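Scroll down for the structure; my scribbles are underneath it.
Every number here is computed from the coordinates shown, using simple stated rules; none is lab data. All figures in this text were calculated on a predicted structure; none of them were measured in a lab. Ideal geometry is used to build each Cβ from the backbone, glycine not excepted, and the neighbour counts take in all protein chains shown.
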Amino acid sequence: MTPQPRSGNQRIDIHQAIELHRSGRLVEATAAYQKLLIQFPQDPQLLIGFGTLLLQTGDFEKGLELIDRVLGAFPDHPIALSNRGNALRALNRPAEALLCYDHATASKPDYAGAYYNRGALLHELRRFGEALRDYDRAIALSPDLVDAYWNKSLLSLITGNYEEGWRLYEWRWKGPQRDAVRTFGQPVWLGHEPVQGKKLLLHAEAGLGDTIQFCRYAPLVAELGAEVLIEVPSPLLSLVSTLKGNFTFIRRGDALPGFDMHCPMMSLPLALRTTVETIPSSVPYLYADAGRVARWWQQLGEKTKARVGLVWSGSSSYKNDRDRSLPLRLLESLLHLPIELHALQKEIKPDDLAALASFRRVNVHQEQLADFSDTAAIVEAMDLVISVDTSVAHLAGAMGKKVWILLSYSPDHRWFLDRSDSPWYPTARLFRQSGAGDWSSVISELTQRLASSAAQ
């Protein structure tokens, strides 16, 4: 493969395609890459650019094919090698991916991106010491490499290094949450200034489960003497309003009253200098509405066996949903136990709808769950909640309900590693994959414990 010489206009066209790609205009970038590759089918820059875009959009096999065309002619091309590693990682071929990253760093020892990519894979494989070294190497080579700081924060948190983890977590505003930055005239509060007599706005920023988890800090802020205002998305407003204390609650999108300072909810552990030992773990701190609970008790009727709430999948829009969710069909063993099963999730994926048709013992309530207060009410009526890592798991934990949480091999940082309990939720028990993608061992342990519990 010999790169063709390009005219000035051709270079402009390629530059425009790359800029469309970088700016996130992927449909336009795809069209531009396709048009240019007809003219220049061997151009490494185009092949790498389009291959990378295909990886972003989930077409891993096609992306790998384009990148391999570059490596056929330039076997030591560091960018192509690193991107090939990314494709193989996405295709669940980690050993081959590591070889590509090793080759890329050997070909270009100052290539920060390759160290970061290798670190991310080692992170997933739970080889944390090696991952940390690669993140640090990437940062040393490229001090503005946001993703390396962000991943290092997650690694620090999951391994219990909260001091560094929460400090680095602030890099989210330049990385994964840069589009969610809120601009206020008032300063952000990160714990450095006294808040006695000040009006402090605490605002939700990420997922619904994150808001449920971190709203627990509001009473601690109030204890410092602040007048606390709490802004949350509409589906959480009535639920979060059950926090004990003298708070002002605001629906996201409504006009804000005056305030002196603000703090994003997930910055509160940093502001209050949380360590693993000082996690505020008193539950319950959120409560179901008594009237709604009474209606559920009436609807469910007389209880003759243990009532178990079930959440087997989360929102399909979550970027890591394929790792945290599982197909309903894998839980068939639960149908043979002497329990009463209730689906507690609003979104049911098409494949699971087919399974539900044969799983007639699973009671479905999605049409009756308008907001999280409805979900809280049915959770209160359960003896046990079994959930993958979704907002309902956080809800049950925040309510002090018995909850069993099913976790992937490389879980979110809040669940730590190799422990069956949660410092965040004292009533939770954690069931963990023994290897990447291995739900069979989780379901086997879950079924055995549930059978034993139901027999008592």
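Using the alpha-carbon atoms, what tilt in degrees (0 to 90, nearest 10) does helix 146-158 show relative to the longest principal axis of the chain? For 146-158 against the chain, the angle is about 40 degrees.
Extension gain, Ala436 to Leu256: 0.36 nm times the residue separation minus the Cα-Cα distance gives 60.3 nm.
Most simply put, the chain has about 0% antiparallel DSSP beta bridges, counting only bridges with both residues inside it. Need one number: nm distance between label points at Ala206 and Ile279, each 7 Å from Cα along Cα→Cβ, rounded to one decimal. Result: 1.4 nm between the two label points. Extension gain, Gln368 to Lys305, is 20.4 nm, computed as 0.36 nm per intervening residue step minus the present C-alpha separation.
Separation of the alpha carbons by more than 19 angstrom is noted, of Lys152/Lys174; Lys305/Lys402; Lys244/Lys402; Lys319/Lys349, for Lys244/Lys402.
Secondary-structure-derived ellipticity at 222 nm for the chain, considering helices only, amounts to -13500 deg cm²/dmol, per-run term -39500 (n - 2.57) for DSSP H runs with n ≥ 4.
Applying 0.36 nm per residue to the separation of Arg361 and Asn320 and subtracting their alpha-carbon distance, the gain on full extension is 11.8 nm. The charge dipole of the chain, taken about the Cα centre with unit charges on the Cβ atoms of Lys, Arg (+1) and Asp, Glu (-1), comes to about 340 debye, rounded to the nearest 20.
The angle separating the long axis of helix 439-455 from the principal Cα axis of greatest extent in the chain is about 10 degrees.
Just add up the charged neighbours of Leu335: K/R +1, D/E -1, any other residue whose Cβ is under 12 Å from the Cβ of Leu335.
Result for the local shell: +1.
A straight Cα-to-Cα reach below 20 Å connects Lys62 with the aspartates and glutamates Glu28, Asp43, Glu96, residues fewer than 8 places away in its own chain not being considered.
Quick one: compute the contact order of the chain, relative version, from alpha carbon pairs under 8 angstrom and 6+ residues apart, as a percent. Relative contact order, the chain: 11 percent.
Here are several values of percent of Cα pairs over 34 Å apart: (i) 60; (ii) 43; (iii) 32. Which one was derived from the coordinates shown? Answer label, from the structure shown: (ii). Amide hydrogen proximity for Lys198: with H placed 1.01 Å from N in the peptide plane, the residues at 5 or more positions away or on another chain lying under 5 Å are Glu227. Helix 60-73 and the long axis of the chain differ in direction by around 30°, with both axes built from C-alpha atoms.
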